[in-house]
Structures are given as C-alpha cells and as structure tokens.
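The values are calculated or read from the model by the stated rules, or taken from the named source; none is laboratory data. What you see is a predicted model, and the numbers here were worked out from it, not measured in a lab. FYI the Cβ positions are ideal-geometry reconstructions off the backbone, even for glycines, and counts take in every protein chain you see.
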Amino acid sequence: METTIPSTKAHVTRDRLLAAVAVGVFLVFLWYADNHFSAYSIRILNNIAIFIILAASYNLINGVTGQFSLEPNAFVAVGAYTSAILTLSPQEKLASFIIEPMVWPLSVISVSFPVSLLAAGLVTAVMALLMAVPVFRVRGDYLAIVTLGFGEVIQVVANNIVSVTNGPLGLKGLTPHTNLWWSWGICIVTIFCIVRLVNSSYGRAMKAVREDETAAQAMGIDAFRIKTLAFTFSAFFEGVAGGLLAHLITTISPTLFTFLLTFHLLIIIVVGGLGSTTGAVIAAAVFTFGSEFLRVVEEPFSLYGFDYAGIPGMRMVILSMMLVVVMLFARRGIMGRSEFSWQWLFETAARVRRRIRSD
C-alpha cells in the first residue's frame, strides 16, 4: 500500500499537468484560428463546439443514466428563445414584433450576453425539473414517447405564443455574440463538469440505475432523484448551447428546432458509444465537420476529365452508409463505454514502439 499511494498521486498530478498543457495548446490554436482562419472555417469550429456541448450533455441522460429520452430539441429551443429575448433591446423588440407587441416586462428587459446564457441554462433546468415529475413515472419506450411529445409541444407553443416568441416569424437580427472563445470556453467547462459528475458518487449511481434500476433501488439508491439530477444537469447545458446557437446564426424560428436535431444528436452519441463522454466528443466533431466537408458531393464537380452533376441530399446518404459501417464493425460505437486517459495513451504508444522494434 505504501508504494501504490505515492504512485497514484504522481499519476494524478501528471494527468492534471498534461490536461492543463493540452488546454493551453488548444487555446493557442483558438487564438490562431480566430486571427487567421476564414469566417466559414470559424463558423464550422463554432458549430463543432456547440454540438459537442449538446452531445456530451445528452449522453449524460441517455448513455450514462440509460434513460431513452428524446427531448433535446425542446430544451435547445427554450434556451435559444430565452437568450435571444433577453439580449434584444426594447427598440429591436418593438420593431420585430409586428403581429402583436411583446408582453411586459419582457418588452423592456435587455441584459448582456453572458447573463442571457446563464438565464437560458437556468430556465431550461427549471423546466426539466418540473418535467421530471411526470416523465420519470414511466420507463423505456414510454419515456421516449413522453419526451418526444414534449418536444412537439414546445414547437407548437413557440408558434402560438406570438407575444413572447413572435410566432412563426421568429426572432431576427440577433447580435452575433457567439465566437470561438465563448463556444469553446463553454464547451471545455461543460466537458469538465460532466466528467467530474460521472466520476463522482452520483455518476456511479447513474450507472447503477442504467444497469438495473430495480437492483439499484434495492441497494438504497433513490433512482428518481438520480434520474432527475441527470435530466436537469443535461438540460442546463443544452439550454446554454441553445443560446450559443441563437447568437451564432442570429435568427431563430420554431422550424429550426424539429425532431431532426434530436435525431442527429442520437446518431452522434450512438456512434461515439453510449455512456462515453469521449466518444460523444469525437463523434460530434466528426459528424459536424463531415456534414460540411461532404457538401462537395452535392455540387457539380470534375473528376479525371468527366463532369458530374451534384446530387442534392447525397451527403446524408454517405453519412448514413458510414453509420451502417460503424454499427457493423463497432456495435458499441467508437469508444464503447471507455474514456480517454493519459495512461491509456502512454500504454498505446509503448505498444506501438515495441511492435516497431520487433519488426
């Protein structure tokens, strides 16, 4: 025991130091990208950060806790509308709400972007907390149906509460506050918080509920409390991501937050590996970048002297084929339930070196 404790402490210190160095290097990369990359490339990087936030937080309830929930589009919509409404000035609200004037006191409230993101997360978390009471009375497929219905309800509400959301017209002319520092800064904070939660006693309880809820309750775990915690924690960051998304595209409407958004996130966490935060991060980055990169197949192009007409929708076909390949050869996803660790990296590098020397 006396020899293992110092070794463990040394490993922890080393891992923290390496993590700090990695974050520092990444911040330098962000500075370089912010000053040298094109506006299109910067937009893709912002999208990657936002989808990593969404995938990691969605994975907490679906993968770590094992609850088949289909609500992300609703929470993203609530966060986006909350942040957008709070950052618009009274004059902008007066000009935008042409069908009905905005209800008081929202019509005169205007706050800074950071405050609006915090409010977006809190409002979404409170809504998740209120939802948890009826939602977690059911399990499995019934839970998926209930949360799916909630997403549809939010979209209908956004279309009809014209004095709050401006109805089908949506909210336009938002200030593009979202930049690389905001999106990736919040992304790093999100991953840090989720990893800390998953590795805590609450995270172990979440995994116990995932494996066997009845057995977990028999061992003294309050399954309802644990599921509510995961649901609320996940909703907070999904709401913040909605605020970032609103101020990236600068215009939102109810049609933006359909089930397709939830479907994309579900694909991401399944491909990455249900229960793996690392897998969610990798799959979100690959999926977001790949969706943009494959736009080339939808545009006319020449290859070896032959001209090819672009095929609309082909990129989604290719992504679907890639998904089938992943499911055939990696049925538990890219990472399964494994997580990245520096020790794993060092051991892998050592195995590669030994193999090279033996060859």
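A few notes on this one:
- Flag if residue 214 is among the hydroxyl-bearing types (Ser, Thr, Tyr), surrounded by fewer than 19 Cβ atoms within 10 Å (Cβ to Cβ) and touching a strand residue (DSSP E or B) at 6+ places or on another chain (Cβ under 9 Å): no
- Test: residue 173 is under 14 Å from the mean Cα position of the chain (by Cα), of a type outside the set (Ser, Thr, Tyr) and over 24 Å from residue 290 (Cα atoms): no
- Failed criterion for residue 104 (all others in (1) assigned to a helix (DSSP H, G or I); (2) modelled with pLDDT of 85 or more; (3) surrounded by fewer than 12 Cβ atoms within 10 Å (Cβ to Cβ) hold): (1)
- Members of the stretch 72-98 found to be more than 14 Å from residue 120 (Cβ to Cβ) and in contact with a Gly (Cβ under 6 Å, 6 or more places away or on another chain), listed by number: 73
- Near pairs, Cβ below 8 angstrom, 6+ apart or cross-chain, from the stretch 133-148 (touching a residue at least 40 places away in the same chain (Cβ under 8 Å) and closer than 17 Å to residue 229 by Cβ) to any residue that is surrounded by 14 or more Cβ atoms within 10 Å (Cβ to Cβ) and aromatic (Phe, Trp, Tyr): 135/150; 135/231; 136/224; 136/231; 143/68; 143/136
- Out of 95, 33, sole residue that is assigned to a helix (DSSP H, G or I), of a type in the set (Gly, Ala, Ser) and at pLDDT 90 or above: 33
- Scope the stretch 157-181; condition touching a residue at least 12 places away in the same chain (Cβ under 8 Å), over 28 Å from residue 65 (Cβ atoms) and of a type in the set (A, V, I, L, M, F, W, C); matching residues: 162, 164, 169, 171, 174, 180, 181
- Being under 12 Å from the mean Cα position of the chain (by Cα), over 29 Å from residue 315 (Cα atoms), polar (S, T, N, Q) and part of a helix (DSSP H, G or I) holds for only one residue in 183, 234, and it is 234.
- Test for residue 196: is it more than 23 Å from residue 52 (Cα to Cα) and either of a type outside the set (Val, Ile, Thr) or out of contact with any Ser or Thr (no Cβ under 7 Å at 6 or more places or on another chain) (or both): no
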